[in-house]
1. If T114 satisfies every condition in (1) in contact with a strand residue (DSSP E or B) (Cβ under 7 Å, 6 or more places away or on another chain); (2) buried (at least 24 other Cβ atoms within 10 Å of the Cβ); (3) assigned to a loop (DSSP other than H, G, I, E, B) but one, which is the exception?
2. Could you check the range 298-316 and list, in sequence order, the residues that are open to solvent by less than 40 Å² (accessible area, probe 1.4 Å) and over 23 Å from the mean Cα position of the chain (by Cα)?
3. Inspect all residues belonging to the range 273-294 and state whether any of them is over 30 Å from G24 (Cβ atoms), of a type in the set (S, T, Y) and open to solvent by less than 60 Å² (accessible area, probe 1.4 Å).
4. Taking the range 185-207 on its own, how many of its residues are of a type in the set (D, E, K, R), open to solvent by 60 Å² or more (accessible area, probe 1.4 Å) and not in a loop (DSSP other than H, G, I, E, B)?
5. In the range 260-308, what residues are of a type in the set (D, E, K, R) and assigned to a loop (DSSP other than H, G, I, E, B)?
6. Just to be sure before I move on: is G182 open to solvent by 10 Å² or more (accessible area, probe 1.4 Å) and either in a loop (DSSP other than H, G, I, E, B) or within 16 Å of the ligand (Cβ to nearest atom) (or both) in the structure I sent?
7. Conditions: (1) touching a strand residue (DSSP E or B) at 6+ places or on another chain (Cβ under 7 Å); (2) within 26 Å of V85 (Cβ to Cβ). V216 meets all but one. Number of the miss?
Amino acid sequence: MIFRQMFDSVSSTYTYLIASRQGGEALIIDPVLDKVDRYIQLLAELDLKLIKAVDTHVHADHITGLGALRDRTRCITVMGEQSGVDVVSMRVAEDDEIAIEGICLKALYTPGHTDDSYSFLMADRVFTGDTLLIRGTGRTDFQNGDPVQQYDSIFNKLLKLPADTLVYPAHDYKGDTVSTIGEEQACNPRLQVDSVDQYVEIMNGLKLPNPKMMDVAVPANLRVGLSQDEVEARGWSLGCDQAEELLGRPDLILVDLRDKAERERHGVIPGSVHAPYPELAENVRPGGLLHELARSTGKRLVFYCAFGERSAMAVEAAQEAGLATACHIKGGIDAWQKAKAPLEPGAATG
Ligand SMILES: [Fe+2]
C-alpha cells in the first residue's frame with residue numbers, strides 16, 4: 001500500500017494520499033488548495049490516477065483542494081450527505097463505502113465538531129477529521145458544532161473501535177502525526193471525563209478565537225461544485241423532463257456512471273446500462289466499449305450520475321473523443337428524484 005501523510009504548515013492540516021499500488025488508483029483525504037500542485041506532482045511521480053477526493057467536513061481554516069483537483073484530474077469529489085456544500089460528485093452516509101482499486105473506506109458519521117463531520121475507517125486505521133485529534137478534540141463552537149453530539153461520536157463510535165486502531169487526524173498543532181484509539185482513550189485530557197455534562201463543560205469553556213481564514217474559507221468551501229452551465233450552454237444537457245420523455249427510445253443509450261453502492265441505495269433509471277465513472281476514459285476513447293457501441297449503432301449516449309458532476313465531465317470527455325451527440329442529465333439522480341421521475345431498484349439491473 002502507498003500511504004502518504006502530507007502537511008500544510010499554514011493551517012496545520014494533514015492530507016492523506018492512499019493507493020494500493022504504484023500505477024493504480026488513488027484517493028486523497030482533506031486536500032488543501034495551496035498544495036494541489038504538490039499532490040499532482042506526487043501523483044505523477046508515483047504513477048497514480050486520482051479517482052476520489054474526500055473532505056471529512058467543511059473546513060473553516062483552509063480552502064479545500066477538492067474543486068481544483070476535480071478540475072485538473074476529473075476525479076470524483078466526495079463529502080457526507082449532511083454537508084452544506086453546493087455540489088459534490090458523491091455523497092456518503094453512515095456505513096457507506098468509498099472504494100477505489102484495492103482500498104475501501106467505511107464512512108462513520110461523527111458529528112459534533114460540525115454537523116457534517118465524518119470519520120473514515122480503513123482496515124487498521126481511522127481518519128478522524130477534526131472529531132478526534134491527538135490529545136485533543138475539534139472545537140464545537142461554530143458551524144453547527146455540538147459538544148453533546150461530539151461526546152456521542154467519540155465515546156460511542158470511535159472509542160468502540162479496537163484499541164490498536166491507528167488514529168490519523170486532520171490537524172495537529174504540536175507535531176504529532178499518529179496515535180491509537182487506546183492511547184487517546186488513556187491519555188487524551190479531554191476524554192478523561194465521567195459524564196457527557198463534564199465534557200460539554202470543558203468544550204463550552206474553551207473560548208477560542210475564530211480561525212484567521214474562517215470568513216474566507218467557509219464560503220469558499222461551500223462553493224466547490226463544478227459549473228454545469230458551460231455544458232448546458234453547448235447543448236449537451238437535458239433537464240429531467242426532457243430526459244423522461246426520451247425514456248424507452250431505441251436511439252439512445254442511458255449510461256449510469258455511479259458506483260454500485262449508490263445504485264443500490266438510490267435506484268436506477270429504467271433501461272440504463274452501468275459504466276462506472278473511473279473507467280470512463282477507457283470506455284469513451286476510440287476502441288472503448290461505449291465509443292464503439294455508440295458509433296456502430298448510431299445511438300446517442302446520455303450520461304447520468306448522482307448530482308450531474310461526473311456526467312458533465314463524462315460529456316466533455318465523450319465530446320473530446322468525437323462523440324458529438326453525447327449529453328447528460330443535469331442535476332443527476334438527485335434532480336430526477338425531486339422531479340418524481342421513474343426509478344427501479346439498483347440491484348435489478350446489476
Ligand atoms: Fe474543522
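The values are calculated or read from the model by the stated rules, or taken from the named source; none is laboratory data. Keep in mind that what you see is a predicted model, and the values were worked out from it rather than measured. Every residue, glycine among them, receives a Cβ derived from its backbone with ideal geometry; neighbour counts consider all protein chains shown. Note: areas computed on protein heavy atoms with side chains; ligands, DNA, RNA excluded. Shrake-Rupley method; radii C 1.70, N 1.55, O 1.52, S 1.80 Å.
1. For T114, the exception is condition (1).
2. L301, V302
3. no
4. 2
5. Selection gives R285, K299.
6. Answer is no for this residue.
7. The one condition V216 does not meet is (1).
Table: residues versus (1) at negative phi; (2) crowded, with 22+ Cβ neighbours inside 10 Å; (3) without any contact (Cβ under 8 Å) to a residue 60 or more places away in the chain; (4) within 16 Å of the ligand (Cβ to nearest atom).
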{"residue": "G84", "(1), (2), (3), (4)": "yes, no, no, yes"}
{"residue": "V92", "(1), (2), (3), (4)": "yes, yes, yes, no"}
{"residue": "E97", "(1), (2), (3), (4)": "yes, no, no, no"}
{"residue": "Y109", "(1), (2), (3), (4)": "yes, no, yes, yes"}
{"residue": "S119", "(1), (2), (3), (4)": "yes, yes, no, yes"}
